[in-house]
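Some notes on the structure that comes next.
Each value in this text was obtained by applying a stated rule to the coordinates, not by laboratory testing. Computed from a predicted model, the values in this text were never measured in an experiment. Cβ atoms come from the backbone with ideal geometry, glycine included; neighbour counts cover every protein chain shown.
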Amino acid sequence: MRAWLLHDTTGINALRLEDVPTPEPGPGQARVRLKVAGLNHLDVWVSMGLPKPKSLPHILGGDGAGIIESLGPGVSGWKVGDEVVINPSLSCGECEFCRADNMVFCRQYSILGEVEPGTLAEQVILPITSLIAKPTGLSWEVAGTFGLATSTAYRMLARAELKAEETALVVGVGGGVSSAATLIAVAMGARVLVTSRDQKKIAWAMEHGADAGYDSGSPFSVNVKETTGRGADVVVENVGKATWDQSFRSLAPGGRMVICGATAGNKVELALPVVWFKQLKIIGSTMANRSEFEAALDLVASGRVQLPIDQIFPFEELPTAMERIDRGEQLGKVGIRVS
């Protein structure tokens, strides 16, 4: 089979398309032939050793959807030819956290493509617990790209306990997580505000239910308070240093900021008295448990959340697709058509 191999951690240019042996599934595993694989900023980071794969060469990629080609010993409930969506969360499946559907706290938790070989190949070996039946009618493009970003956004809003008619501010709309968070918050009945440096991305958000949008490089907290009269109940933040101060200032008393990343710098300053005087919450969140992944899939498959697909590239053009993500040019998800 063909696979994109990362030969060192110097970035996108270290990727090479090569022929490699087709892997065979072991006990409790399946081999899936990919139809579409989704890209995330995580793939760019891993290409630079953040985190470093456990061995090189390495296959990146967490998201994907395809068809079961082979099953390992002891697998039941699935058959060759089944169409599946891949859940990129990996865990031991046996500890107290996994048994309680809280796999993100498993000591062996990882994301497919981080340390284990991922989906940027024609075929991938997966534990059977990572597979979910692809809903009938869901396109391969959406099925193969929605997973990591949409489930992350779903968990963020769940942890922030966003309620209908509350105000949510989504910072840096346009990427996979922020786009999904915008659409999910709208579907929940919240009032949604967004920021971006790109007016086209703001316009997209407003066309899909957002009430207003502001320039991410401006003092947008002033705009948020003028619009709402008090600030945002929930701020969804994955930009980091470049927007942190304005995001934090945008919070209403009793507000909650939920964070899943820091694409523009991970060190910020925080005035602690504001936290206790305004009784604020700062919540870390990443990825999703299985039930949250399934709930996110249901939102997408039902049409309540219609995710934007930025572009699907041919398999051979993976580096070009990753460069688009690295530059932050995308609106929604970027994917690779594998077969």
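Of note:
- Residue match in the stretch 259-277 (condition: crowded, with 21+ Cβ neighbours inside 10 Å and among the charged types (D, E, K, R)): no
- Flag not set for THR182, criterion: in contact with an Asp or Glu (Cβ under 8 Å, 6 or more places away or on another chain) and either in a helix (DSSP H, G or I) or within 23 Å of ILE325 (Cβ to Cβ) (or both).
- Residues considered: LYS201, LYS225. Of these, the only one that is closer than 25 Å to LEU42 by Cβ, among the charged types (D, E, K, R) and assigned to a helix (DSSP H, G or I) is LYS201.
- Residue in the stretch 242-250 that is among the β-branched types (Val, Ile, Thr), in contact with a strand residue (DSSP E or B) (Cβ under 6 Å, 6 or more places away or on another chain), crowded, with 18+ Cβ neighbours inside 10 Å and not in a helix (DSSP H, G or I) present: no
- Residue, nearest to VAL239 (Cα to Cα), within the stretch 17-42, restricted to residues that are of a type in the set (Val, Ile, Thr) and more than 27 Å from the chain's Cα centre (by Cα): VAL20
- Condition broken by LYS54, with the remaining ones in (1) closer than 19 Å to PHE313 by Cα; (2) outside any helix (DSSP H, G or I) satisfied: (1)
Yes or no, residue by residue, for (1) in contact with a strand residue (DSSP E or B) (Cβ under 6 Å, 6 or more places away or on another chain); (2) touching a residue at least 24 places away in the same chain (Cβ under 8 Å); (3) not in a loop (DSSP other than H, G, I, E, B):
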site: GLY255; (1), (2), (3): yes, yes, yes
site: PRO273; (1), (2), (3): no, no, yes
site: GLN279; (1), (2), (3): yes, yes, no
site: GLU292; (1), (2), (3): no, yes, yes
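- The residue list GLY81, GLY28, GLY64 contains one member that is closer than 30 Å to SER179 by Cα and small (Gly, Ala, Ser), which is GLY64.
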